[in-house]
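S.K.: Right, I'll just put the structure down here and ask away after.
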Amino acid sequence: MLDSSDTILTKKIKQGSEEAYKIIYDRYHRQLYFLAKKYVKDQQLSEDAVQDIFLKLWRKRDTLDPSKSIKAFLFTMLKNHLLNIIRDRKREIFSKYETLNAAKSSHNNQTENEIIYSEYRNILECGLN
C-alpha cells in the first residue's frame, strides 16, 4: 500500500517542488545511507552513493510515476548503483592484483635468469679447465 503523503510529495517533486524534494530526502536519506554502508562498508562511499541517488531523483523528476512508491524507487536505484560500484571496485582490485603479479613474475624471472646464467657460467668454466 502506498503512503499517500509520499504520493503527494512525488507529484510535487515532479512539478519541481524543492520543498517536497527536501521532505523526501529527510525521510529516506538515513535509511538509504545505512543500507549502502551495510554493503560497501565505507562511510564516504555510502554518503556519495546516497547523494548520487538523490541527484538522479531530481534530474529524473519529470519521469516519476506518482502511482508507484518513491521509497521503492529510491531503494531500487540505490541497489543498482551499489552493484555498479561493487562491480567497478572488483575490476579495480583485479587490475591491481594483475599488475602486482606481473611485477612479481618479472622479478621472479629476473632472479631465475640470474641463477641459470650463473649455472651456465660454472659449466662453461668447468669445461674450459
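The values are calculated or read from the model by the stated rules, or taken from the named source; none is laboratory data. Worth saying up front: this structure is predicted, and the values here are computed from it rather than measured. As a convention, Cβ positions derive from the backbone with ideal geometry for all residues, glycine included, and neighbour counts pool all protein chains shown. Only protein heavy atoms, including side chains, enter the accessible area calculation; ligands, DNA and RNA are left aside. Shrake-Rupley method; radii C 1.70, N 1.55, O 1.52, S 1.80 Å.
S.K.: Being of a type in the set (A, V, I, L, M) and over 24 Å from residue 89 (Cα atoms) is the filter here; which residues of region 13-56 pass it? Let's see the steps before the verdict.
M.R.: In the first step, residues of region 13-56 are kept if they are of a type in the set (A, V, I, L, M); the result is 13, 20, 23-24, 32, 35-36, 40, 45, 49-50, 53, 55.
The answer is 13, 20, 23, 24.
S.K.: Of all residues in region 1-52, which are more than 16 Å from residue 80 (Cα to Cα), under 29 Å from the mean Cα position of the chain (by Cα) and of a type in the set (A, V, I, L, M)?
M.R.: 13, 20, 23, 24
S.K.: Right, next: Might you let me know whether region 30-47 holds any residue that is open to solvent by 60 Å² or more (accessible area, probe 1.4 Å), of a type in the set (Ser, Thr, Tyr) and out of contact with any Lys or Arg (no Cβ under 6 Å at 6 or more places or on another chain)? Full working, then the answer.
M.R.: As a first pass, look at region 30-47 and keep what is open to solvent by 60 Å² or more (accessible area, probe 1.4 Å): 30-31, 34, 37-39, 41, 43-44, 47.
After this cut, where a residue has to be of a type in the set (Ser, Thr, Tyr) as well, the list is 39.
Those left that are additionally out of contact with any Lys or Arg (no Cβ under 6 Å at 6 or more places or on another chain): 39.
Yes, region 30-47 contains a residue that is open to solvent by 60 Å² or more (accessible area, probe 1.4 Å), of a type in the set (Ser, Thr, Tyr) and out of contact with any Lys or Arg (no Cβ under 6 Å at 6 or more places or on another chain).
S.K.: Cβ-Cβ distance below 8 Å, separation of 6 or more or different chains: which pairs start in region 69-89 with a residue that is closer than 20 Å to residue 5 by Cβ and open to solvent by 40 Å² or more (accessible area, probe 1.4 Å) and end on one that is modelled with pLDDT of 95 or more and not polar (S, T, N, Q)?
M.R.: Within 8 Å, the pairs are 71/28; 73/57; 75/32.
S.K.: As an exercise: evaluate residue 52 against (1) without any contact (Cβ under 8 Å) to a residue 24 or more places away in the chain; (2) open to solvent by 30 Å² or more (accessible area, probe 1.4 Å) and give the number of the one condition it does not meet.
M.R.: Here residue 52 meets the rest and fails (1).
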